[in-house]
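What follows is calculated from the coordinates using simple rules that are stated; it is not laboratory data. Since the model is a prediction, treat every value here as computed from it, not as a measurement. A quick note on method: Cβ atoms are made from the backbone with ideal geometry, for glycine too, and the neighbour counts reach across all protein chains shown.
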Amino acid sequence: MRYNGLLVDAARMTTCREQCKRERERLRNEIAFIIGDVDIGANASTKAYKSYLYDSLKLPALKVTDKNQERRQTTRRSSC
């Protein structure tokens, strides 16, 4: 395999890629319908999406990174 490679059905790979694109778009549309105007970005890491999850829905943050620690403490102080 190292020298000869491996056989790939290019037509099948293209078909699968198109199916995955359609499914991804369907899921994005479903999520957009549920959450409204919140931009989820390419990998669901936008500030607006995080704010929606943790501030609007009040979901618990299971793990807080050092980068977000200050933001979380500021939010707690302002809510008292």
Subject >> Exposure proxy ranking, count of Cβ atoms within 10 Å, fewest first, for 38, 8 >> reply: 8, 38
Original post:
In nm, what is the difference between 0.36 nm times the number of residues separating residue 65 and residue 34 and their Cα-Cα distance?
Top reply: 8.4 nm
